[in-house]
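For reference, the structure is listed below as structure tokens.
The values are calculated or read from the model by the stated rules, or taken from the named source; none is laboratory data. Bear in mind the structure is a predicted one, so any value in this text is a computation, not a measurement. Cβ atoms come from the backbone with ideal geometry, glycine included; neighbour counts cover every protein chain shown. To get the accessible areas, we keep the full protein, side chains included, count just its heavy atoms, and leave off ligands, DNA and RNA. Shrake-Rupley method; radii C 1.70, N 1.55, O 1.52, S 1.80 Å.
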Amino acid sequence: MPRPHPAQLVYGSATVICATLAMLLLFETRSSAWIAVIALASLALGLLVAVTVPAAGPTLRRRRTVARVPASVGSRAPAARPDPAARTTATPAARTTAASAPAATAGLGARN
């Protein structure tokens, strides 16, 4: 379950406080049972508001970031099979260089 955003907490809390005050003033109740009903209704309304508040900030940033990435960036070409004849004739130093070529192109272990 994701953590609530600050806007969700603020809107939910403000809804609970305003709804409780409005209902207490509107119904002018003195019974503790009705006060409990009003409090529960206010909490339910605050929860509803907090859950339905959209988290616009991070969602828009993610959409913009994803929209800028071309579709071909994440796709990979199928790996070519190594030639068995080339493997047996290569020296150990050549095998090490050939093995680190993909890492060098990815920037993960480039050696100068």
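Quick rundown of the values:
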read-out: Any chance residue 58 is open to solvent by less than 100 Å² (accessible area, probe 1.4 Å), assigned to a helix (DSSP H, G or I) and at pLDDT below 95; value: yes
read-out: Residue list for the stretch 46-55, filter: of a type in the set (Val, Ile, Thr) and under 11 Å from residue 9 (Cα atoms); value: 49, 51, 53
read-out: Selection count where residues are surrounded by 14 or more Cβ atoms within 10 Å (Cβ to Cβ) and among the polar types (S, T, N, Q), scope the stretch 30-50; value: 1
read-out: Residues that are surrounded by 16 or more Cβ atoms within 10 Å (Cβ to Cβ) and among the small types (Gly, Ala, Ser), drawn from the stretch 2-20; value: 12, 19
read-out: Cross-chain or 6+ apart pairs with Cβ under 7 Å, the stretch 27-45 first and over 19 Å from residue 9 (Cβ atoms), then open to solvent by 50 Å² or more (accessible area, probe 1.4 Å) and β-branched (Val, Ile, Thr); value: 29/35
